[in-house]
Each structure stands twice: as structure tokens, then as C-alpha cells.
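Notes for the one structure printed next.
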Amino acid sequence: MSAQSLFGRLVKEVADQLAGYGFERDKMILRRSSPEGDVLIIEFQTSDCSSRAEKVFYVNVALVLAPKWERDRLRYRLPESARPEHVHGLWRRRIGFSGFSGGDQWRVTDEASAVEVSALIRRRLDEILPVLLPAFDRDVLLGDPPDFLSYAGWMARGWVLAERGPSEELEKLLFSEPTTGEFSSVARKAIWEWATNRGSRDREGSR
């Protein structure tokens, strides 16, 4: 069996496992959606280092919050039918050999490596998903965001608050409390603009 075929079988094995967690497969992307429209994404990203004899890939994970996705979809003029991908995540990581990592590459060359890698990835997912799924609870995001979100915790809280329009609580979070992250100033501006625009739309809709 070719490396490509072994990789395809591996993806199917992972998809079958994640179906038990409520994920749906869309080619190389697996998604689980919450009632509020938030999406948890597991994505297989192939590497340019792949060859006919070896399939090299990454396993990406992302949390996409509905308000940020709606804002991004409108900003980039994507159709309503578009579905979020890993790149749209508020929080993004890769699943490596020992949990979340910066860039562990998975490699499949033969039957033995495919079996070993498939088992390890599925074991990692069983360990990681119970940590990730609480982020689907909006009360958790508004109260005490999960530790795995790290610097993105305040952004998650901000986007959830922004869905309700501008408020003193949101303004304090964005402009009075210290925030961290490379793009914190950009994120603060985007969240506040979305909140104020949301408030304007709600007022126009009530007329």
C-alpha cells in the first residue's frame, strides 16, 4: 500500500474515532459545532516535504468562536455557505508527540509506521479533547476561560461579550484591564468595532 493510501486510511481511522465525539468530516477537516455556532476543528495539513515514499503531515487544532467567524466571513466576503477552517481559529495549536507542540511532523512510510502513528494520534486526541470541549460552554468562557487558551482567554471572553453589543464590562476588559498577545491591540479594536456595529444593527432592526 502506498504512503498516500496509508495516510488516507489513517485519516479515516481518526475521523471514525472523532465521530464518537460529535465531529463531522469534510475531507481533511473534522469539525464539531456547538449550539451557539462555535466550532472546534481538527485538521490534517500535509507538508511539502512529502514524497511518493513518505507522507509528512501536521495535525492542527483550532477553536473558532461564532462572532469572530461571522466578522471574518463578512470582512473577506466569503459566502454564507463557507465553513471555518483552522486559519480562522481564535486559538490555534498543533498536536504533537506529547500534547500541544510548535511543529511536530508526523510521518507515514509503511504499514508499521501508519499503525503506530494512527494509534498515537488517536491516543493524543483522547487525552486532549476532554480539555478542549469545556470551551464550548459560554459560561466558562465568560467566567474563567480554560487554561489551555492562555493569552487568548481574554479575547474569547471579549468576542462572547461583543455578541451582546457594547457594554461597560466589555469596555473595561478591552481598555482598562491588561491584555497580552502579539496582536492584542488589533484584537481589542476588532472586538470593540464588532460590538458597536452589532449594537447599531440591533437598534436598526428594532425600528
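Between residue 196 and residue 34, the modelled label-to-label distance comes to 2.7 nm, taking each label 7 Å out from Cα in the direction of the beta carbon. If the segment from residue 12 to residue 139 were pulled out straight at 0.36 nm per residue, it would be longer than the present Cα-Cα gap by 42.4 nm.
According to the Kirkwood relation over distinct C-alpha pairs, the hydrodynamic radius of the chain is 18.5 Å. Within the accessible area of the stretch 1-84, the carbon and sulfur atoms contribute 46%, probe 1.4 Å, all protein chains present.
With the cut-off at 19 Å, report for the stretch 4-110 the share of all Cα pairs above it, as a whole percent. Roughly 49 percent, rounded to a whole number. With Cα atoms defining each centre, the stretch 1-29 and the stretch 158-172 are spaced 38 Å apart in the structure.
Computed about the Cα centre, the dipole magnitude for the stretch 1-145 is approximately 400 debye when only Lys and Arg (+1) and Asp and Glu (-1) carry charge, each at its Cβ. Note on the chain: Lys pairs 8 or more places apart or on different chains, Cα atoms under 26 Å apart, count 7. Packing, as the average of other Cβ atoms within 10 Å across residues, places the peptides 157-164, 119-126 in the order 157-164, 119-126, highest first.
The values are calculated or read from the model by the stated rules, or taken from the named source; none is laboratory data. Predicted model only: the values in this text are computed from it and were never measured. FYI the Cβ positions are ideal-geometry reconstructions off the backbone, even for glycines, and counts take in every protein chain you see. Just so you know, the surface numbers come from the protein's heavy atoms only, side chains and all, with ligands and any DNA or RNA stripped out. Shrake-Rupley method; radii C 1.70, N 1.55, O 1.52, S 1.80 Å.
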